[in-house]
Structures are given as C-alpha cells and as structure tokens.
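Presented below is the structure to which this report refers.
The values are calculated or read from the model by the stated rules, or taken from the named source; none is laboratory data. All values reported here derive from a predicted model rather than from experimental measurement. Here Cβ is always computed from backbone atoms with ideal geometry, including for glycine, and neighbour counts include all displayed protein chains. Ligands, DNA and RNA are stripped out before the accessible areas are found, and what is left, the full protein with its side chains, is counted by its heavy atoms. Shrake-Rupley method; radii C 1.70, N 1.55, O 1.52, S 1.80 Å.
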Amino acid sequence: MKQLINDTVKKQTLLGIDAAWQNILMDVPPVLWFGNMESDKPKIVTIGANPSNLEFYSKTGKKYNRFSYTIPYNASQLGKAYNEYFKQNPYKGWFGAEGGGRVEAFMNGLDASYYEDTEERHYRHQAIHIDFFPFATCKKFRDILQIAESSLFATGWIDNSVKDLLDYINPKLIVVFGRLNNMCLDQYVPCITNNYVFTNWKGCPNVKLTAYYRIGRPKQDRLPPIICVSTYLGYPKGFTRQDLIYMAKEVYSKI
C-alpha cells in the first residue's frame, strides 16, 4: 500500500507541472481512502468523485488540518491519517455524523458505519470511502471532468488505481452513488464494468423523493456485488435519515 500511496503522490506531482492543471489542484496531499482500513470487520466500500476542497479549507478560507502530514509527503504517515480520519475531524457535512444522515445513514442501513463502535451503536461492517479521482481540487469535479477524462481516465490511470485499491481492501460490497459518479463508472472504469452485469435502473419503492438503483452482479465468484444509487448521498436534499436507511435495506434485499 505504501507503493500505491507513493505512486499517487508522484502522479499528483506530474499533474502539478502540467500547465492544464495549474490553478486546479490544491497544494495538499492526495487522499486514497477515508476510514479504518485496519479494522477486523468486513469492509463495504463507497465510491465518490474526488476529495472536497472543504476537507482542507472552509468556505471562508480557514485552513483545517483533517490530515496530519509533512512535506515531502510520507506514505506511512498518510496511511495512518487516512485510517484515523473518522477519529479526528471528519467532514460531517458530507459523510454525516455518527447516528446522523447523509452517507452514514445509508451505510447504517447496510449494517455498516464509518465510525468506531459505541455502546449504543454496533455495526457488522466497516465502511471505507474512496474516490475515482484522489486529488483535491479548487473546482468542482463536474467542471474539470473534461481534463480529467483526457489525462487520467482515458490513460487508464484511474482504472488501475481503483483496481489496486479494491484488491487491497477486498470489500464485501461496493456502493457507487450519484448520477455523475455512475456515469464515470460506466465509461471509464473497465476493471469494474467489464467484470459485472448490471440490472436496469429501477425506482426505489416507497421512497417519497425520486430515487433509482441498479445492482451490479459480478461475473467472477471472488468479486463483491455493487449497489448503484442515483441519489447523491453526500447531499441527499430532502431525504431523512430513515429514508436513506430504508433505501439501503430495500436495495440490498435485491442482491
């Protein structure tokens, strides 16, 4: 895993000297995963687009230190920071708080959590989050998709990175959420799409707001199933915690 971190740091350095990426990449380390990879629990992996700039800076420009790191970046130190992310100062406005909404609520519906167990809450699975694009940027992912497509997706770099991460994590289930993320999955990540058969998109019953899902069933026995949902779980506008828990349970029942 240290080699994968070092390779990702090297890739970020190369992007940083490319004129096309100037004023796009933030001067912060890449984030390969969020969550305790060292947990003994079986893992459920969620996949998003890329780390938010709010992991490192607030909207007012105040700098946060969500990850402990030195410059030059040290792979062991970064790996430790990734593992301890939810013990420090996680971005709850996106992941959700313990016992709260957003992505965490959906994970709770799958009997998983990003957080450590407490006396009140105990879950069977450890949730781990990864992104297709592990670099924080000053612009929204949608706004840089074209340049990311030419220099990272089309070259196969992201596909190889995702494959190596998933091989290392060995999850029992994968969850991809948001329409844009699912579009990227379909178009640019053959390590997944070439090894799965996906159902058609279906509406999730008894959910008050519009929500669609599909199931990816692996062609090989060793691969985990995939749940794809259209709802952007980081900002599920209008969805309550109970809505998200119900949706997760309902979709999982179809696997």
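Here are the numbers:
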item: Verdict on Cys184 being under 24 Å from Leu145 (Cα atoms), in contact (Cβ under 8 Å) with a residue 24 or more places away in the chain and open to solvent by less than 30 Å² (accessible area, probe 1.4 Å); result: yes
item: Search result, residues across the range 240-254 that are assigned to a loop (DSSP other than H, G, I, E, B) and under 15 Å from Gly203 (Cα atoms); result: Ser253, Lys254
item: Residues of the range 4-34 classified as at negative phi, in a loop (DSSP other than H, G, I, E, B) and touching a residue at least 12 places away in the same chain (Cβ under 8 Å), total; result: 9
item: Any hit, the range 50-61, residues being charged (D, E, K, R) and either open to solvent by 30 Å² or more (accessible area, probe 1.4 Å) or assigned to a strand (DSSP E or B) (or both); result: yes
item: Single unsatisfied condition, Val162 versus (1) among the β-branched types (Val, Ile, Thr); (2) within 30 Å of Asp243 (Cα to Cα); (3) part of a helix (DSSP H, G or I); (4) free of Cβ contacts under 8 Å to residues at least 40 places away in the same chain; result: (4)
item: Subset tally (residues that are open to solvent by 30 Å² or more (accessible area, probe 1.4 Å) and either touching a Lys or Arg at 6+ places or on another chain (Cβ under 7 Å) or free of Cβ contacts under 8 Å to residues at least 24 places away in the same chain (or both)) for the range 171-181; result: 2
item: Condition check for Thr240: of a type in the set (Val, Ile, Thr), in contact (Cβ under 8 Å) with a residue 60 or more places away in the chain and open to solvent by 40 Å² or more (accessible area, probe 1.4 Å); result: yes
item: Single residue of the range 187-212 satisfying the filter (without any contact (Cβ under 8 Å) to a residue 12 or more places away in the chain and open to solvent by less than 70 Å² (accessible area, probe 1.4 Å)) that is farthest from the chain's Cα centre (by Cα); result: Gly203
item: In the range 172-188, the residues that are within 16 Å of Pro225 (Cβ to Cβ) and assigned to a loop (DSSP other than H, G, I, E, B); result: Lys172
item: Matching residues in the range 35-49 - criterion: being under 24 Å from Trp157 (Cβ atoms) and not in a loop (DSSP other than H, G, I, E, B); result: Lys43, Val45, Thr46, Ile47, Gly48
item: Number of positions in the range 71-127 that are at negative phi, in a helix (DSSP H, G or I), under 18 Å from the mean Cα position of the chain (by Cα) and surrounded by 14 or more Cβ atoms within 10 Å (Cβ to Cβ); result: 18
item: Residue match in the range 12-33 (condition: open to solvent by 40 Å² or more (accessible area, probe 1.4 Å) and of a type in the set (Ser, Thr, Tyr)); result: yes
